[in-house]
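Working notes, structure below.
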Amino acid sequence: MMDKAFIYRNPGADNGAGPLKGLKVAIQPNISKEGWPTEAGSNALVNFKALEDATIVRRLQGAGAYICGSTRMSEFGFGLEGSSAGESVQHNDADAELVLDLMGECRLAAGRASACGFKPSYGLISRLGLVGLIPSMECYGMLSGNIKNIRDMLKAVAGPDEMDFSLPDEKTPDFSAHKIDPKKNTIGLITEAQASLPAGREKTFRAAVEELKKAGFTVREMSMPDFPLFSLVHMIVGSVEASSCAGRYDSVRYGRRAAGAKNWNDMYLLSRGAAFGLLLKSYLIQGAFFQFDRYEAFENACRIRARLIKEIQHLASQAEFLAFPMDSYDSTGAPASLAGTYAQFSSTIIANITGQPALYLPPVSGTAQTGFQLAGPRLSDGRLLALGEHILNARRGGK
Amino acid sequence: MEFEAVIGLEIHVELNCTTKMFCDCPNRPGDEPNINTCPICLWFPGAIPRFSQEALEKASLLCLGLGAELQPKSAFDQKVYYYPDLPKGFQLSQAHLPLSRGGGIEITDESGKPKMLRIHHIHMEEDVAKLVHEMEGRLPISLVDFNRAGSPLVEIVTQPDFRTPYEAMEFLKALRTQVRSVGSSECSMDNGTMRVDANISIRPRGTDQMNTKVEVKNMNSVRHVGDAIAYEISRQSAAVQAGETVMLHTRLWDPEKKVTLPMRAKFEGPCVPDPAVPVIELSQEWIEKMRTRLPEMPAAKAERLVAQHGLTADEALFLSSDAEVAGYFEELVGQGIAPRTAMHWLTTQLLPAVKERKLELGGSHINPARFAVLLRMLSNNEINANAAREVLAHMFDSDESPETIVSARGFRQVSDTVTLDALIERVLAEQPAAVADLRSGQGKAMGFLIGQVMQASGGKANPKIIRELLSKKLI
């Protein structure tokens, strides 16, 4: 019973040295650490052990961090069903967690654990060793009780990796702490993002916005009529990528092959049928449907995605940062459905579509505050974290 | 009704890169099964493809060599289908944005007229694994060899410009020559480094209809491609004349029975842009740099050989089809050998001798410098043609210089008139009838007498001088 949060604990001692010395980091079993079980929460990878360290693990350890264990996760990190993300930080079993953020999982898990949850800019961190599902959307999320840990980890792991050609060829930004002058920063609100909020939640978010104004920030209301398209685009593009990505789980080279197949088509059907859970299976089938039967819908979704990115960039010319409300993760105990999962992540999915950094800020405990999300333009990670620190300080009454 | 065929080719060429297309595994499909594999080409979880610069360069050179236009932006897509030879449920191929567009090869058609056969586009893709089907007792099993999975390929897709099997064969021969000369592939249909599928449809001659096509696979020589196309044209013509409809499907060429037979229905999976392999962007500067690495292409070389060395068009075409042979020829000429002599001795003596010994021109130790010494002795009348042929045979077996072989084995031509006079006197005494014939004006007796003197000299006499001396004596 010791490990509700962990599926595996590091049997080795912590003898790291470097700037992250003493930092205990929990990872998920979709992040490769040599010899550790790497099943990514799926029967498709049952008994699979990583062959080598992921670049992110190598860099964290190189900077002195101690990878303390591997947490329970949803199947391939999609949604939060069955996931213990956030629990190890909440219970002080770890100082920080890596939580793959495909549609907002790290930020919602942070909300559940009353911690800070950060999704960095897409393309900052090497994906080598990540057992991914939606390559163009997912990022390593970082979850911790304080932003300093997140900043320190980001500094240690971001930057080019000659083993990952998919990283964009660009200069790694400076993540050092900036000073944020509220008078020089406008925070934008997207009207349509709040339109769908239930009345009670809208009120608490409004209260958080008032705090921002009180802290001296200019708050600007902006309209983005295309806002409802974010979830739709993610649903189509994400499921198509997931369907391709999961194509490798065919039981030919690894995984468990179902017995009793009459021929190899049969083997595929039986083995893949047994490999995936219900939620993921419906997602993969949806992706295959768009690949094989509605390719034009997929092409349209890609075009709309490019347009959404442009629109968000346009908003950035009117406000340095954006603030978003965030739903809390409510597990009803019933099996998760695709529609229900997407509904839960509707306010976090934006950053996964656009590749911009996003940060969930928790309320200060014992107050009536609500947590909310901040986002900045791509590669503004350092400034976004500084903004988060500034607001947290203000919320705690300091200046 | 008279029909004509509309034919297009899809040609897979395996690039002779040292590594696979997306990992560092050796590109040696023929090795012991599953030796050349790694987490990337086996698509283990967490692996990321790393596109090979060498594959890009070799593919680009191939495109430039075929007159194609490299595209500033190309990208890999996932061609989705499930088959055990495909380790990830999709093949990485450039379906939407190919590496190059356009290009073509000019051939000479059956009527002797030049005809341009255009290329639609050339794209890169990775090869799939090899399946081996065996029986384990009474249980059929399929084994997968992943050595070939990820080997770099290009696919050359032509326009439907071909009308006859002959044109297809001429195109393939020329294509092979051009690709070999840029050094991107051996292009051997025999060992599978060039694989050709043909799309064939027929229409009433003189119309410009595009009718349902049939794809034919499994030809493993250029001749088979011609035979398969010819068979398919007559099969489709007969079917249409019998009132049948041609259905879109794929057929296999059976080289034993010399027929095409229907195979599985053609399945085209969707092609989705791959999010993990970066888009390939080629700058004009890079393309120009590649162009400078392009060797002289065969057609240009043939033209130059005619202009520069006075060869016939056929001779020039023959030489330029093999960069090594052409290079050898030009080195001989560079050593001061007359182009005609060089051409004659290279093609009628050296190449057959090399082939007979199952050697390669570059692998034999008759290098151009050594061969030039022999030809120079011939030109200077130090040896005659007979002797030169024999010295050449000795040169294959020893490293001695041609001069040493000539001196040591007594091949030097006898040109001194005193020695020859004595031989001639002897022969004339022995052949009174021939002498009488010659004197009575029968010219062919001269050849006979020269032959006799040559024989008497043990093949070393200079036939030119014999003729002069005989003429002086008898005519």
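Laboratory data are not the source of any read-out in this text; all were calculated from the coordinates shown. From a predicted model like this one, the values you see are computed outputs, not experimental measurements. All Cβ positions, glycine included, derive from the backbone under ideal geometry; neighbour counts span all protein chains shown.
Each 5 Å bin from zero up to the one holding the largest Cα-Cα distance in region A:183-254 carries the following percent of pairs: 3, 12, 14, 14, 13, 10, 8, 8, 6, 5, 4, 1, 0. Expressed per residue, the C-alpha convex hull volume of region A:286-395 stands at 123 Å³.
Sorting the Cα pairs of region A:96-141 by distance into bins of 5 Å, from 0 upward, gives 6, 25, 33, 22, 11, 4 percent per bin.
In order along region B:229-243, the phi-based Karplus estimate (6.51 cos²θ - 1.76 cosθ + 1.60, θ = phi - 60°) of 3J(HN,Hα) comes to 5, 4, 4, 5, 4, 6, 5, 5, 4, 5, 4, 5, 5, 7, x Hz; Gly and Pro are listed as x. Simple rule: put +1 on each Lys or Arg Cβ and -1 on each Asp or Glu Cβ in region A:118-255, find the dipole, and look at A:L189, A:M153, A:F205; the Cα lying farthest toward the positive end is A:F205. In straight-distance terms, cross-link reach from A:K179 covers every one of the aspartates and glutamates whose alpha-carbon lies under 12 Å from its own, apart from those fewer than eight places away in the same chain; here that gives A:E389. The slack between A:A17 and A:K184, meaning 0.36 nm per residue of separation minus the straight C-alpha distance, is 56.2 nm. Per q in 0.15, 0.16, 0.24, 0.28 Å⁻¹, report the Debye log10 I(q)/I(0) for region A:233-295, using one uniform scatterer on each alpha carbon and no solvent. Values, matching the q order: -0.47, -0.53, -0.98, -1.14. Overall, the protein assembly as shown carries a charge dipole of about 1120 debye about its Cα centre when +1 sits on the Cβ of Lys and Arg and -1 on the Cβ of Asp and Glu, all other atoms neutral. Here the 3J(HN,Hα) profile of region A:245-252, calculated from phi with Karplus coefficients 6.51, -1.76 and 1.60 at θ = phi - 60°, is 4, 8, x, 6, 7, 10, 6, 7 Hz, Gly and Pro shown as x. The lysines whose alpha-carbon is closer than 24 Å to the alpha-carbon of B:K79, local same-chain residues fewer than 8 away aside, are A:K281, B:K20, B:K58, B:K88, B:K130, B:K213, B:K217, B:K266.
Sorted largest first, the spans of the alpha carbon positions of chain B along the three principal axes are 91, 58, 57 Å. Taking Lys and Arg as +1 and Asp and Glu as -1, the other residues whose beta-carbon sits under 11 Å from that of A:L379 total 0. Here the translational diffusion coefficient of chain A follows from Stokes-Einstein with Rh set to the Kirkwood radius across Cα pairs; for 10 °C and 1.306 mPa s it amounts to 74 µm²/s.
Using only alpha carbons, region B:296-386 has a radius of gyration to Kirkwood radius ratio (Rg to Rh) of 0.96. Derived value for region A:149-221: Kirkwood hydrodynamic radius 15.9 Å. Basis is the mean of 1/r over every pair of different alpha-carbon atoms. Rounded to the nearest 20 debye, the dipole size of chain B about its Cα centre is 940 debye, using +1 on the Cβ of Lys and Arg and -1 on the Cβ of Asp and Glu.
Listed by chain and number, the aspartates and glutamates placed with their C-alpha closer than 18 angstrom to that of A:K49 are A:E34, A:E39, A:E75, A:D250; residues fewer than eight positions away on the same chain are left out.
Fewest Cβ neighbours within 10 Å first, please rank A:L385, B:L131, B:L70, B:L423 accordingly. The fewest-first ordering by Cβ neighbours comes to B:L131, B:L423, B:L70, A:L385.
Here is the tail figure for region A:39-121: Cα pairs spaced more than 19 Å apart come to 42 percent of all pairs.
Average the reciprocal distances over every distinct pair of alpha-carbons in region B:417-474, invert the result, and give the Kirkwood radius in Å.
Taking every pair of different Cα atoms in region B:417-474, averaging 1/r and inverting gives 11.1 Å.
Across all Cα atoms of region B:3-285, the radius of gyration (one decimal) and Dmax (whole number) stand at 19.5, 61 Å. Helix B:385-397 versus the longest principal axis of chain B: what is the Cα-based angle in degrees, 0 to 90, to the nearest 10? The helix B:385-397 is inclined about 50 degrees to chain B.
With no solvent and one equal point scatterer placed on each C-alpha of region B:236-364, evaluate the Debye formula and give log10 I(q)/I(0) for q = 0.12, 0.17, 0.18, 0.22 Å⁻¹, two decimals. Values returned for q = 0.12, 0.17, 0.18, 0.22 Å⁻¹ are -0.82, -0.89, -0.94, -1.29. Shown is the FRET efficiency for A:C302 and B:H365, computed with R0 = 56 Å from the Cβ-Cβ distance and rounded to the nearest 0.05: 0.40. Backbone amide hydrogens, once placed in the peptide plane, bring A:G141 within less than 5 Å of A:V99, A:L100, A:D101, excluding anything fewer than 5 places away on its chain. Per DSSP helix of 4 or more residues, -39500 (n - 2.57); summed, then divided by the residues of the protein assembly as shown. What does that give at 222 nm, rounded to the nearest 500? After summing the helix terms and dividing by the residues of the protein assembly as shown, the value is -11500 deg cm²/dmol.
Taking amide hydrogens as placed 1.01 Å from N in the peptide plane, the amide H of B:F162 sits under 5 Å from those of B:I7, each at least 5 positions away in sequence or on another chain.
Under 1.5 on a/c is rounded, so check that first for region B:67-226, then, if it is not, pick prolate when a/b is larger than b/c and oblate when it is not; a ≥ b ≥ c are the square roots of the alpha carbon gyration tensor eigenvalues. Since a/c reaches 1.5 and a/b is larger than b/c, the shape of region B:67-226 is classed as prolate. What translational diffusion coefficient, in µm²/s and rounded to a whole number, does the Stokes-Einstein relation yield for region B:57-99 at 20 °C and a viscosity of 1.002 mPa s, taking the hydrodynamic radius as the Kirkwood radius over Cα pairs? Rounded to a whole number, D works out at 181 µm²/s. Placing a label point 7 Å from the Cα of A:N393 along the Cα-to-Cβ direction, the residues of region A:146-178 whose backbone N falls under 18 Å from that point are A:146-152, A:175-178.
Among A:S223, B:S440, sorting on how many other beta-carbon atoms sit within 10 Å of each Cβ, with the fewest leading, yields B:S440, A:S223. Residues of region B:317-339 with amide nitrogen under 17 Å from the 7 Å Cα-to-Cβ point of B:S379? Of the residues in region B:317-339, B:328-339 have backbone N under 17 Å from the label point off B:S379. Remark: for residue pairs A:K148/A:K171; A:K148/A:K184; A:K21/A:K155; A:K119/A:K155; B:K444/B:K464, the C-alpha separation exceeds 18 Å in A:K148/A:K171; A:K148/A:K184.
The dipole here belongs to region B:319-475: it is taken about the Cα centre, uses +1 on the Cβ of Lys and Arg and -1 on the Cβ of Asp and Glu, and is about 580 debye.
Based on the Cβ-Cβ distance from B:S471 to B:A408, what FRET efficiency comes out when R0 is 30 Å, to the nearest 0.05?
0.30
Dipole of region B:3-285 computed with +1 at Lys/Arg Cβ and -1 at Asp/Glu Cβ about the Cα centre; of B:L139, B:Q78, B:L252, farthest Cα towards the positive end is B:L252.
Within region B:1-108, the proportion of Cα pairs with more than 16 Å between them is 70 percent.
Set against the 2.2 N^0.38 Å expectation for a compact globular protein, the protein assembly as shown has a Cα radius of gyration ratio of 1.32.
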